[in-house]
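Below is one structure, written out as structure tokens; the observations come after it.
The values are calculated or read from the model by the stated rules, or taken from the named source; none is laboratory data. If you're wondering where the values come from, they're calculated on a predicted model, not measured in any experiment. Here Cβ is always computed from backbone atoms with ideal geometry, including for glycine, and neighbour counts include all displayed protein chains. We work out accessible area using only protein heavy atoms, side chains counted, and drop any ligands, DNA or RNA first. Shrake-Rupley method; radii C 1.70, N 1.55, O 1.52, S 1.80 Å.
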Amino acid sequence: MTTESTTKVEGGGDIPAAPAAGPIPANPPKRRRGGRWTFDKVSFMAVFLGVPLIIYLGLVIYPFIQAVHYSFTNWRGFEPISQADYVWFDNYIYLFNDPKFMQALGNNILLAIFLPLITIILALVLAIVITMGGPSHGNVRGIKGAGFYRVVSFFPYVIPGIVIGFMWRLLLDPSAGFVNGILTAIGLEQFENFAWLGDARTAMPVSMFVIIWGFVGFYMLLFIAAIKAVPAEIYEAVRIDGAGRFVTAVRVTVPLIRDNIQTAYIYMGIMAMDAFIYMSALNPRGGPQFTTLVMSQELFNTAFGGNNLWGRASAMGVVLAGVTLAFAAVVFLVNRLTGGKDTVKY
């Protein structure tokens with residue numbers, strides 16, 4: 001049985017108060033939860049984790065395991081693998097004693113060092129100028145006509161790599177190329193009939209220039225999108241504190257988009273480890289003294305160049321994959337040792 005009380009209000013009259021709450025049970029009943037693995041959880045894991053994992057194992061991991069297996073044999077590709085003999089590490093020993101392959105490996109390492117570094121720096125500088133190069137007063141904004149520059153800079157990335165290679169090969173033609181024509185027209189007679197891709201001194205730098213020309217616009221847009229995602233209040237606070245544009249770019253913008261830079265560096269490094277399309281279009285035979293030969297080109301020539309040494313070509317593929325993974329690991333390690341987003345100081 002419960003008792004009711006009344007409450008006096010202004011103007012006379014009483015209103016009944018809310019009934020008193022009953023005694024609270026000592027052990028209130030707990031809500032029963034479903035099992036740990038319900039049908040919804042199982043179906044979610046199966047669709048969004050199981051299916052992609054199966055596809056990844058089938059299309060990435062299993063072919064790589066096959067390549068490792070083939071690299072221990074003398075398989076020639078046009079016979080059942082069961083008829084091939086195991087040579088174990090002979091293919092790897094041959095590769096690391098082959099001057100031509102070691103030259104290709106050195107060229108890949110050279111590309112992995114300079115291509116990402118130059119491309120990322122140029123793209124980052126252009127992105128900062130376009131997004132933050134406007135007036136020094138008022139809100140932080142980009143230069144006039146920034147949209148036009150973004151569209152134009154993306155054009156090279158839309159063109160297929162093989163087309164870019166052939167296009168620049170024609171532009172750099174010694175006798176009828178546009179580049180030599182312009183240089184000789186302005187009085188630089190020493191460049192008449194100069195073979196940019198046929199000279200051991202210039203073949204690799206020119207090939208790097210072509211690749212950078214094709215990718216710098218894409219990574220510039222990537223960094224522009226990252227900079228646009230930074231809250232404007234941060235830049236306003238930095239400006240109020242009196243930081244200049246250079247200090248803002250180096251000590252605020254770069255740390256805040258550090259993850260984007262790391263991702264871009266890895267993707268550009270992976271491309272540099274391959275570079276098959278560009279190098280094949282510019283110098284199909286590896287350039288003078290094999291100065292532009294890369295591992296993927298040597299792999300292709302070994303597998304399809306007449307000897308059909310698929311076992312040895314598989315060993316080249318394994319080495320290429322190992323070098324690429326080592327490059328990615330070094331980038332992650334350097335990024336971890338040098339700090340992350342929390343190192344914004346000005």
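Quick notes on this structure:
- Cα gyration tensor shape of segment 92-337, rounded if a/c is under 1.5, else prolate or oblate by comparing a/b with b/c: oblate
- Computed accessible area, LYS228, all protein chains, 1.4 angstrom probe, square angstrom: 130 Å²
- Global form of segment 142-201, assessed from the alpha-carbon gyration tensor, a/c cut-off 1.5: oblate
- Note: segment 223-314, Cα convex hull, 139 Å³ per residue.
- Taking all protein chains together and a 1.4 Å probe, the residues ARG239, ARG251, ARG201 rank ARG201, ARG251, ARG239 from largest to smallest accessible area.
- Here segment 92-337 is assigned +1 on the Cβ of each Lys and Arg and -1 on the Cβ of each Asp and Glu. Its dipole about the Cα centre then comes out at about 460 debye.
- Placing unit charges on the Cβ atoms of the charged side chains and taking the dipole of segment 92-337 about its Cα centre, the candidate lying farthest along the positive direction among LEU293, ASN308, LEU110 is LEU110.
- Among the protein heavy atoms, those of PHE166 account for about 100 Å² of accessible surface (1.4 Å probe, every chain in place).
- Note on TRP196: accessible area approximately 40 square angstrom, rounded to 10, probe 1.4 Å, nucleic acids and ligands left out.
- Overall, the accessible surface of segment 92-337 at a probe of 1.4 angstrom is composed of carbon and sulfur to the extent of 69 percent.
- Counted residue by residue at 0.36 nm each, then reduced by the alpha carbon distance between them, the extension gain from VAL151 to ILE65 reaches 26.7 nm.
- A 1.4 Å probe over all protein chains sorts TYR219, TYR86 by accessible area into TYR86, TYR219, starting with the largest.
- Our summary of shape: the Cα atoms of segment 183-276 have principal axis extents of 56, 35, 18 Å, ordered from largest down, in whole angstrom.
- Using R0 = 51 Å, the C-beta based FRET efficiency linking PHE89 and ILE159 works out to 0.75.
- Value of Rg to Rh for segment 263-311 (Rh from inverse mean 1/r over Cα pairs, i.e. Kirkwood): 1.05
- Between ILE118 and LYS228, the distance separating the two model label sites (each 7 Å from Cα on the Cα→Cβ line) works out to 2.9 nm.
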